[in-house]
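Asker: Before we start, here is the structure in question, set down as structure tokens.
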Amino acid sequence: MKALPPGDMPAGEFRDEGHRLVDWLVEYFQSSLDRPVLSRVRPGEIRAALPAAAPEAGEPFERILADFERVLVPGLTQWNHPGYFAYFPCGFSTPGALADFLSTAVSQQAMLWRTSPAATELEEVVLGWLRRAIGVPDGFEGVIYDTASTAVVHALATARHERAPEIRMRGLAGHGGGAFRVYCSEHAHSSVDKAVIVLGLGHDNLRRIPADAEYRMRPDLLAAAIDEDRRAGHAPLAVVATVGTTSVTSVDPVAPIADVCAREGIWLHVDAAYAGSAAILPECRWAIEGMERADSFVVNPHKWLFTPFDLSAFYCRKMDLLRAAFSLTPEYLKTSEAGDVRNLMDTGFQLGRRFRALKLWVVLRYFGLEGLRARLREHLRLARLFAGWVDADPGFERVAPVPFSVVCFRAVPRGVPRGVPREGGRGPGVGADGGAALNLFNERLLQALNDTGEMFLSHTSLGGRFVIRLAIGNIRTTETEVRRVWDRARALAETIPRA
Ligand code: PLP
């Protein structure tokens, strides 16, 4: 390659390569439909195909893209394939992808208002749009974080700062009160565990409250746990309620939990990472009832609002308290307009931040709320359709209600011991062999489904039962892919050994 003078890629080349990249992507979106959804590379295979050191001489972009296609594409698990049904969906849409490219290309770093007035102010505006769209009243200020995991750390840190501001200077070692206790349901996401660990609160001080038969936190047991902790000299600090739990998308009863928190004077954070988006549908508003009484909540447009990863919308009633917990301005970051503007570096531990608001703005504008509602409604319809097929087939059973777009099910073929109901009426599944044979059968069924290459589903465990999850949320998913899962599940269940 001819040596170029120092500086960036020449403008003409950028134009040509940019066009080539978009052309390549258009082709890829089509051709990738025929590639396995779950990557089939073996551990270490990608690494072995790449040189150990960076090249001394620059290489043409075209060659780099060719290597991307040859070496890396086989290692892409296709989150944006219509047959992707694992975990929770990863928000994707082509307008969102274009916006992310634009955001990177205009190279904004919004730590201070002056380092990006556009990113700073668009973030405020677009989070106001989202809050209104999901029907939460005024009184919350929003900030965009990368993930819900980051959001819960900030929520709990702010709760702690409200209770014991001296910890900021003296650390936990100087704190004389009882151990801070945090409460969440037995089905809450592991990000809550990590938050208490990272904040030095101690994993033992996270109490997981039992759920009812529909996997919802029991407010009576929450109140009892708080009471017990107070009597033991602990300091109840915060509750994390979940709207759309990871395994089954159950919805903790936020309003009665908010009553407990108000009575006890403890922080309420609502993790609506997945299901919060559904509240743009009037018929799903029930799910966030009571959330307006929370101290903070989080919704992830990067899960189920077609916004590419990463974008987590965190809202707090007491953002000034959060700023008090986190803001710190060294000389080199002082600005003359500090009193008149908000600097995003004050709303968290991170200094620099990407221009994430742009992709949410583009997604909300391109599809419009009506367009987004139509897509979510279709996902809800597909989930109900699948659930209906499961319910009607004696060879399968649904193991949880389907409030949104996730169906938890398993095969219960004749000839495989089904187990007896567990104590407490939490459904069948633990038999003389602990339900092991049925669990193994379903594990094999899941493996067989994923081995088809046409789909990717994941699993969870409920009351000792191995459960297959179908999580619908990809913008390209249609009834065809959902029906294919069902057809394959029924056919493959016939081929799996029953012993
Ligand atoms: N909360 C819930 C209910 C989740 O299901 C997840 C992830 O799936 C998270 C939080 C963590 O999400 P993130 O990847 O944004 O940290």
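The values are calculated or read from the model by the stated rules, or taken from the named source; none is laboratory data. It should be emphasised that the depicted structure is a prediction, and the values quoted were computed from it without experimental measurement. We place every Cβ from the backbone using ideal geometry, glycine too, and count neighbours over all the protein chains shown. SASA here: full protein model, heavy atoms, side chains in, ligands and nucleic acids out. Shrake-Rupley method; radii C 1.70, N 1.55, O 1.52, S 1.80 Å.
Asker: Among the GluC sites (Glu not before Pro) within the range 436-499, which fall in a DSSP loop and have no more than 13 other Cβ atoms within 10 Å of their own Cβ?
Answerer: Here the GluC sites (Glu not before Pro) that fit, given the DSSP loop and packing criteria, are GLU494.
Asker: For q = 0.14, 0.16 Å⁻¹, what log10 I(q)/I(0) does the range 300-390 give under the Debye formula with an equal point scatterer on each alpha carbon and no solvent?
Answerer: The computed values of log10 I(q)/I(0) come out as -0.72, -0.83.
Asker: How much solvent-accessible surface does LEU25 expose, in Å² to the nearest 10, with a 1.4 Å probe and all protein chains in place?
Answerer: Accessible area, nearest 10 Å²: 60 Å².
Asker: So what is the calculated 222 nm ellipticity per residue for the chain, using -39500 (n - 2.57) for each DSSP H run with n of 4 or more, over all residues, to the nearest 500 deg cm²/dmol? Mind showing how you got there, number by number?
Answerer: Numbers: 15 runs with 193 residues, N = 499.
Helix contribution divided over all residues of the chain: -12000 deg cm²/dmol.
Asker: Which of the DSSP-defined H helices in the chain satisfy a minimum axial length of 27 Å, computed from C-alpha atoms, and a minimum mean Kyte-Doolittle hydropathy of -1.0? Intermediate results must be reported in sequence, preceding the final value.
Answerer: Numbers: long enough: 11-31 (29 Å, -0.65); 357-392 (44 Å, 0.35).
Those that clear 27 Å and a mean of -1.0 are 11-31, 357-392.
Asker: To continue, here is another question. Return the sequence-ordered ³J(HN,Hα) values of the range 296-307 in whole Hz as given by the Karplus equation 6.51 cos²θ - 1.76 cosθ + 1.60 applied to θ = phi - 60°, using x for Gly and Pro.
Answerer: Per-residue couplings from phi come out as 7, 8, 9, 10, 9, x, 7, 9, 9, 9, 6, 9 Hz.
Asker: I'd like the per residue volume of the convex hull spanned by the Cα atoms of the range 175-330, given in cubic angstrom. Intermediate values should be presented prior to the final figure.
Answerer: Values: hull volume 20.8 nm³, N = 156.
In the range 175-330, the Cα convex hull volume per residue is 133 Å³.
Asker: Let me ask another. Just to make sure I understand: if all protein chains stay in place, what is the order of CYS90, CYS284 by accessible area at 1.4 Å, largest first?
Answerer: Values: CYS90 30, CYS284 5 Å².
Greatest to least solvent exposure: CYS90, CYS284.
Asker: Next question. Assuming a ≥ b ≥ c are the square roots of the Cα gyration tensor eigenvalues, decide whether the range 107-255 counts as rounded (a/c under 1.5), prolate (otherwise, with a/b larger than b/c) or oblate.
Answerer: Working: a/c = 2.32, a/b = 1.33, b/c = 1.74.
Judged from the Cα gyration tensor, the range 107-255 comes out oblate (a/c at least 1.5, b/c at or above a/b).
Asker: In Å, what is the Rg of the alpha-carbon atoms in the range 160-207, and how long is Dmax?
Answerer: For the range 160-207, the Cα radius of gyration and maximum Cα-Cα distance read 11.4, 34 Å.
Asker: State the Cα centre-to-centre distance between the range 34-62 and the range 448-499 in whole Å.
Answerer: If we compute the Cα centre of each part, the gap is 30 Å.
Asker: If a/c stays under 1.5 just call it rounded; otherwise compare a/b with b/c (prolate if a/b is bigger, oblate if not). Do that for the range 235-306, with a ≥ b ≥ c from the square roots of the Cα gyration tensor eigenvalues.
Answerer: Numbers: a/c = 2.19, a/b = 1.80, b/c = 1.21.
Judged from the Cα gyration tensor, the range 235-306 comes out prolate (a/c at least 1.5, a/b above b/c).
Asker: Here is a further query. First obtain the Kirkwood hydrodynamic radius of the range 100-363 from its Cα pairs, then insert it into the Stokes-Einstein equation at 25 °C and 0.890 mPa s, and state the resulting D in µm² per second as a whole number. Each step should come with its number before you reach the end.
Answerer: Values: Rh = 18.8 Å.
Translational D for this selection: 130 µm²/s.
Asker: Working out 0.36 nm times the residue gap between TRP286 and LEU72, then minus their Cα-Cα distance, what length gain in nm do you get to one decimal? Present the calculation step by step, with values, prior to reporting the outcome.
Answerer: Values: separation 214, 0.36 × 214 = 77.04 nm, distance 4.34 nm.
That works out to 72.7 nm of additional length.
Asker: Let me ask something else about it. In whole angstrom, how far apart do the alpha carbon centroids of the range 2-33 and the range 224-279 sit?
Answerer: Computed from Cα coordinates, the inter-centre distance equals 48 Å.
Asker: How high is the relative contact order of the range 100-363, in percent, counting Cα pairs under 8 Å that sit 6 or more residues apart? Please list the in-between numbers first.
Answerer: Values: 494 pairs, mean separation 74.3, N = 264.
Averaging sequence separation for qualifying contacts and normalising by length gives 28 percent for the range 100-363.
Asker: What translational D, rounded to a whole number of µm²/s, comes out for the range 243-365 from Stokes-Einstein when the hydrodynamic radius is the Kirkwood one over Cα pairs, at 4 °C and 1.567 mPa s? Provide the component values of the computation, followed by the final result.
Answerer: Numbers: Rh = 16.4 Å.
After rounding, the answer is 79 µm²/s.
Asker: Rounded, prolate or oblate, given the Cα gyration tensor of the range 444-499, with a/c below 1.5 counting as rounded? Write out the running numbers ahead of the final one.
Answerer: On the way: a/c = 2.33, a/b = 1.31, b/c = 1.78.
Here the range 444-499 falls in the oblate category.
Asker: Sticking with this structure for a sec: At 1.4 Å probe size, with the rest of the protein present, what percent of the exposed accessible area of the chain is carbon and sulfur atoms?
Answerer: With neighbouring chains kept in place, the figure for the chain is 55 percent.
Asker: Hey, another quick one. For the range 435-476, what is the largest minus smallest coordinate of the Cα atoms on each principal axis, given in angstrom and ordered from greatest to least?
Answerer: Principal extents (largest minus smallest coordinate, Cα): 36, 21, 7 Å.
Asker: Right, next: Just to confirm, what accessible area per residue do you get for the range 33-98 at 1.4 Å probe, in whole Å²? Don't skip to the answer; put the middle values down first.
Answerer: Details: 4020 Å² over 66 residues.
Computed with neighbouring chains in place, this is 61 Å² per residue.
Asker: Per the Kirkwood definition applied to all pairs of different Cα atoms, how many angstroms is the hydrodynamic radius of the chain?
Answerer: 24.9 Å
Asker: Counting only protein chains, not ligands or nucleic acids, how are ASP320, ASP487 ordered by accessible area (probe 1.4 Å), most first?
Answerer: Details: ASP320 115, ASP487 65 Å².
The residues order as ASP320, ASP487, largest area first.
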